[in-house]
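Let me begin by presenting the structure, written as structure tokens, before commenting on it.
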Amino acid sequence: MFGLLTAFRHEVPLAIACLLLASGLLYSYYPAFWAIPTMMLSDAAAAATFGLINSIGQLGGFAGNYAIGLLNDRTYSLAASFAFIALVYVAAGGLILSLGVRDPAGVFQRSNWLESHPSLGDVSIYHSLDPSRVTGNLSVIR
């Protein structure tokens, strides 16, 4: 949305709509983003990763202000600043997509646990992320 803002910079209502949508989309990814370290790492490593993520975020909050100010001073326009913000978001999204999460739903861990607890009913889960291969009565699991 910040990228579209540069295209609509002369049309105020569309520019405001792009800012509102960009702000909403900015906060919508937080729950999924903060779940990534716990999916991939152990508890201790995930805690250290949270600290690293916050440290890099604080560094970006410090350096980002100077970068935006420099772009505003050089171009005498906000368009370059918003284009820079859009570029940073695209780069961050690319980094997230490049992560290799092998079992995002935790199917392997849950299936081994469920098969070792016969009191939960008829549960037979194949080791696959394909939902058509899951069989059994999963309604007893709360």
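Since every read-out is calculated from the coordinates, none of them should be taken as a lab result. No experiment lies behind these values; they were computed from the predicted model shown. Quick reminder, even Gly has a Cβ in these numbers, built from the backbone with ideal geometry, and neighbours come from all protein chains shown.
For the Cα trace of segment 2-97, dividing Rg by the Kirkwood Rh returns an Rg/Rh value of 1.05. Checking every one of the chymotrypsin sites (Phe, Trp or Tyr not before Pro) in segment 18-63 against DSSP loop status and a limit of 16 other Cβ atoms within 10 Å picks out 29. Annotation for residue 44 and residue 65: the two label points, set 7 Å from Cα along the Cα-Cβ direction, are 3.7 nm apart.
Spin-label model, residue 17/residue 80: points 7 Å from Cα along the beta carbon direction are separated by 2.9 nm.
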